[in-house]
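See structure below.
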Amino acid sequence: MELKKVALDQLHQDLGAKMVPFAGYNMPVRYSSDIEEHKAVRQSVGVFDVSHMGEFTVKGPKALELIQKVTSNDASKLVDGQAQYSCLPNDKGGIVDDLIVYKFADDDYMLVVNASNIEKDWEWISSHNDIGAELENLSDKISLFAVQGPKAAAALQSLTNVDLEKVKFYHFTVGTVAGIDNMIISGTGYTGAGGFELYVDNEEAEALWKAIFESGASHDIKPIGLGARDTLRLEMGYCLYGNDITDTTSPLEAGLGWITKFTKDFINSGDLKKQKEEGVQRKLVGFELTDKGIPRAHYEIYDEQDELIGEVTSGTMSPSMGKGIGLGYVKMGYHKPGTEIMIAVRNRKLKAQVVKLPIYKG
C-alpha cells in the first residue's frame, strides 16, 4: 500500500528530516537528534506536524447521543469550548481506539483519533450510528501542528489576538492565527510540557508553519519529530495505541478507569462494570530501571522470585532522567508504586521499580 503524505511532506524533507513510514504515512521521525528535540520541548518550544491524526465531525440533534453510546467518558459534562479524553470500547472488553472529543455546541462535536485507526474508527462509529447523527470524515483535509513547551504561548502570541494564557488545559477556542480565520486553538498535547494544538485547512498549512517559525525564532523554536514525541509521552505515562492499549486491553486494566463512566450506558459498559466490581487481573504501570539498561516493548517482567508477572508495552531511555523507563502490564499485587520488579533485557534481568505516573515529575 502506498504511503500517504501530510500536506507539508516536501517541507519536512527540505528541512532535512529523516522520514519513516508511520501509521500508513510518510512522517518525520527526527530533524537533528531525538535527545536534542526532546530537550527543546521540555525547556523551550518545539513544533510537531501531527497531520496524520484523524478528525471526524459529529453534528445534528443526535450528535451527543451517538458520542455517549460509542465513548466511555461522559460527554454530557462538556461545555462549549471544552475537550475530553476518552476511548471507544469494543464489544469484547478491549479498546477500538483512544481519542479526544471536542464540543463546539450542543449539536456540533469533533472527534480526533489516531492515524493508524482512522478507517477502523470510522467504520466502527458509522456501524453504531443507527440514530441519524451527521458524520463527516475530514481527516484528509485538516493539518494539525502541536506547538509544545513552556515557551509555546510566548512563541505564538504575536500571531493572534486570542489571549493564549487564558486557553486552559483541555479547552479550546476558534480564532485567527497568522491571518488565517476559523482556526481551532486547543490547549492539548501529548508531551506534558504544556502548549497548543492548532487545526488548520491543508491549503493554509504551509503559511501557518512558516509564520509559527518566524514568530518563535527569538524563542529558539525547533521542528520536532516522532522520535521525541514518543519519549516525551512515555515520560508522562501517556498510553500509545497499539502498544499500551489495544483491542484486547480493557480501559480498567490500562488505568483509564477515570475516563470510564458508569453513570451512562455505552458499548460493553455492562461487562466493564462487572470487571470493575470483580477486579482486574493485571494493571498497566510505569516503572524506572535502577540498573543500567533500556527496556523495550515485549520484554518480559519478573518478580524477585523469578516468576513471570508481565510484559513491557513501551520502553525507552528517558532523555530528561538519564535512565531506562517504561510502561507494562503486571499481575495485580505488583502494581503498587515502590514494588521491585525485574525486566528481562536480552539474557539479563535488570532491577526496576514501579513508580507513580507521570514517570518524569519535572
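The table for this structure:
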{"read-out": "Any hit, the stretch 258-279, residues being farther than 30 Å from residue 45 by Cβ, in a strand (DSSP E or B) and basic (Lys, Arg)", "value": "no"}
{"read-out": "Where residue 217 falls short, out of the listed (1) touching a helix residue (DSSP H, G or I) at 6+ places or on another chain (Cβ under 8 Å); (2) without any contact (Cβ under 8 Å) to a residue 12 or more places away in the chain", "value": "(1)"}
{"read-out": "In the stretch 172-197, the residues that are surrounded by fewer than 16 Cβ atoms within 10 Å (Cβ to Cβ) and either over 20 Å from residue 55 (Cβ atoms) or among the hydroxyl-bearing types (Ser, Thr, Tyr) (or both)", "value": "176, 179"}
{"read-out": "Strands (runs of 3 or more DSSP E) within the stretch 282-329 that include 1 or more residues in contact with a helix residue (DSSP H, G or I) (Cβ under 7 Å, 6 or more places away or on another chain) and either among the aliphatic types (A, V, I, L, M) or at pLDDT 95 or above (or both)", "value": "308-318"}
{"read-out": "Filter pass, residue 210 being touching a strand residue (DSSP E or B) at 6+ places or on another chain (Cβ under 7 Å), modelled with pLDDT of 95 or more and of a type outside the set (Asp, Glu)", "value": "no"}
{"read-out": "Exclusive hit being modelled with pLDDT of 95 or more, of a type in the set (Phe, Trp, Tyr), within 28 Å of residue 231 (Cα to Cα) and not assigned by TED's automatic domain parsing to the domain that holds residue 173, set 85, 25, 109, 31", "value": "85"}
{"read-out": "Test: residue in the stretch 35-44 that is part of a strand (DSSP E or B), of a type outside the set (Lys, Arg) and in contact with a His (Cβ under 7 Å, 6 or more places away or on another chain)", "value": "no"}
{"read-out": "Residue in the stretch 264-271 that is out of contact with any Pro (no Cβ under 7 Å at 6 or more places or on another chain), among the polar types (S, T, N, Q) and more than 28 Å from residue 124 (Cα to Cα) present", "value": "no"}
{"read-out": "Top-ranked residue in the stretch 136-185 [being out of contact with any strand residue (DSSP E or B) (no Cβ under 8 Å at 6 or more places or on another chain) and of a type in the set (Lys, Arg); ranked as nearest to residue 209 (Cα to Cα)]", "value": "151"}
{"read-out": "Test: residue in the stretch 211-222 that is aliphatic (A, V, I, L, M) and closer than 27 Å to residue 317 by Cα", "value": "yes"}
{"read-out": "Filter result for the condition that a residue is more than 24 Å from the chain's Cα centre (by Cα), surrounded by fewer than 23 Cβ atoms within 10 Å (Cβ to Cβ) and in contact (Cβ under 8 Å) with a residue 60 or more places away in the chain, over 230, 303, 247, 265", "value": "265"}
{"read-out": "Those strands (runs of 3 or more DSSP E) lying entirely in the stretch 81-171 with at least 2 residues surrounded by fewer than 19 Cβ atoms within 10 Å (Cβ to Cβ) and touching a Ser or Thr at 6+ places or on another chain (Cβ under 7 Å)", "value": "134-137"}
{"read-out": "Count - residues of the stretch 338-362 that are farther than 13 Å from residue 291 by Cβ, in contact (Cβ under 8 Å) with a residue 24 or more places away in the chain and not hydroxyl-bearing (Ser, Thr, Tyr)", "value": "7"}
{"read-out": "Selection from the stretch 216-251 of residues that are over 23 Å from residue 325 (Cβ atoms) and either assigned to a loop (DSSP other than H, G, I, E, B) or not assigned by TED's automatic domain parsing to the domain that holds residue 44 (or both)", "value": "220, 221, 247, 248, 250"}
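The values are calculated or read from the model by the stated rules, or taken from the named source; none is laboratory data. Computed from a prediction, not measured in an experiment: that's the story for all the values here. Virtual Cβ from ideal backbone geometry, glycine too; neighbours counted across all protein chains shown.
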